[in-house]
Structures are given as structure tokens and as C-alpha cells.
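Report on the following structure.
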Amino acid sequence: MLRIISANLNGIRSATTKGFLSWIADQQADFICLQELKAQANDLTSAMMTPAGMKGYFHFAEKKGYSGVGIYTKYLPEQVIEGLGIPEIDAEGRYIELVYGKLSLVSVYLPSGSSGDHRQEAKFVFMDHFYKHLADLAHRGREVVICGDWNIAHQEIDLKNWKGNLKNSGFLPEERAWMTAVLNELHWVDVYRHLHPDTTAEAYTWWSNRGQAWAKNVGWRIDYQVATKEIAKTAKFASIYKDERFSDHAPLTIDYDWTM
């Protein structure tokens, strides 16, 4: 079995004070993909670098206290790929890939466009480059699991107040169409939805800090594990952990019948 967790931390230092590293120790995970570190290398303690017998690999943003992704793993990778090779994107620390034989693990953090038109445009630029990268990854003949905060709710079932968000970043028609193309044209699999096709089930992973969103479960499903077909077929179990709150997101865990 291969257990993979995706978790947007909204600050690794903040999540650590809320018990995230202690929680990791009990998860028996093979890979834990992190987003929104909001830290640089010299901000991390040894416990943050190597928790529970795992080693961390990171792609930090140049801007302090901003973005950043990482992966904790038990396994020494054959190759570590930081960034997409596009300087203006890579400066924000949004992509890291660990390569193992015929398997790759990716942690990705798509931009949010909610702070203004300039950031929405940056999000569209990222999506355009990332789509091409996804097409390339899909044709390498390798299995890939991409974990992360995609900052897009794909379908109406993926957020509570979909009618009120039709013109808002994260649920724009262009964003949703892009996600559909990733799944239908490039043949990637939304693994959680593959396991839980029931469109009546709420499965949110993020709640705004405004109002009573958490208390009222007014959430969005914007954290995904998206995978190539063969490894996606082996997925057996998925869960969203909400018993404790480490950030404004909830960790997504999926078990695959796969051997390293």
C-alpha cells in the first residue's frame, strides 16, 4: 500500500504550533505533499525538515512568508525537480517533483486570483503553462500523482455556495473548463471523485476564515490528488481529516494498492 497525503498548511510554522507534526507521526504515510509553506529554508527547524523519520524536499518562494511547496517522504528520490522552468512562476515556489523509477510524486500550489485582476491574470498564465506540462507528463509513460491546492472547485458539488460564486475566482467558467480539459482531454483522474462519484456528498477541503464558514461547513473542495490512469485505478480509500485544524485547509489522504 502507498499512502499519500496532501495538505495546504497556510504556514508551516503556524501548522506546527497546532500539532501538525505530531499528527504526521501517526499517519504511516509514504508521502506528504505540502503547500503554502510561507517560509524559507532558514525558518525551518530540524523537526520541520525531517519529521517522523521522513526527509523533506522543498521549493521555496523568493518572497519571504509567501507560497512554497514541499514533500516529506521515506524514500530517497532518484531526482528532485524544483519548478516548471519558467522564472516568473518558479520565483513563487509552486512546483516540486520527486522521481522514482516509473513513478513521480508532485506537490503543486496554483495561484489564487481572489486578491485582484492582476493575480487572476497570473493564475491564467500559470494554468496555460501547467496544462502544457500536464500534457507532457501524461505522455512520458510513467505514473504520476499530483497533490495540491489547485484553487479551483471543479463542479457545483465542490462548493457550498456555488450560485453565489459563479463570477468569483476559483469557480469561474474558464477555470472549470480548464479543469474539465485536464481530466477529459489529457485523461488525468481526480482520484477522490473517482472513489466517491456520488454528487450528493459534500467533501470540502477549505473554508474561508470569514464569517462562520467552518462552523456552517460553507466550504470548497480545491485540494486534489490528480493521477495518471493506472495508479488511479489502484486507489482504495480516501479521507478528509477534520478532527483537528492545522490551517484553513483539511488534509486529504488517499491509499493506493501500489508498491514502491
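The values are calculated or read from the model by the stated rules, or taken from the named source; none is laboratory data. Note that the structure is a prediction, hence the values are computed from the model and not measured. For neighbour counting, all protein chains shown are included, and Cβ atoms are generated from backbone atoms with ideal geometry for every residue, glycine included.
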(message) Among the residues of segment 241-257, what is the count of those that are closer than 17 Å to Thr17 by Cα and either in contact with a Gly (Cβ under 7 Å, 6 or more places away or on another chain) or not basic (Lys, Arg) (or both)?
(response) 8
(request) Kindly indicate whether any position in segment 194-201 is part of a loop (DSSP other than H, G, I, E, B) and modelled with pLDDT of 95 or more. (result) no
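The rows are residues; the columns are (1) within 21 Å of Ile5 (Cβ to Cβ); (2) surrounded by 21 or more Cβ atoms within 10 Å (Cβ to Cβ); (3) among the polar types (S, T, N, Q); (4) touching a residue at least 60 places away in the same chain (Cβ under 8 Å).
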residue	(1), (2), (3), (4)
Tyr75	yes, no, no, yes
Gln79	no, no, yes, no
Glu88	no, no, no, no
Gly93	yes, yes, no, no
Tyr100	yes, no, no, yes
Ser107	yes, yes, yes, yes
Gly113	no, yes, no, no
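Taking Val182, is it among the aliphatic types (A, V, I, L, M), modelled with pLDDT of 95 or more and closer than 27 Å to Gly219 by Cβ?
yes
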(request) Tell me which residues, restricted to segment 190-226, are under 19 Å from Asn10 (Cβ atoms), of a type in the set (A, V, I, L, M) and surrounded by 12 or more Cβ atoms within 10 Å (Cβ to Cβ). (result) Ala213, Val218, Ile222
(message) Restricting to segment 178-193, and then to whatever is of a type outside the set (A, V, I, L, M, F, W, C) and not in a loop (DSSP other than H, G, I, E, B), can you tell me which residue is nearest to Ser6 (Cα to Cα)?
(response) Tyr192
(request) Return the total of residues in segment 28-73 being surrounded by fewer than 21 Cβ atoms within 10 Å (Cβ to Cβ), assigned to a strand (DSSP E or B) and of a type in the set (Gly, Ala, Ser). (result) 1
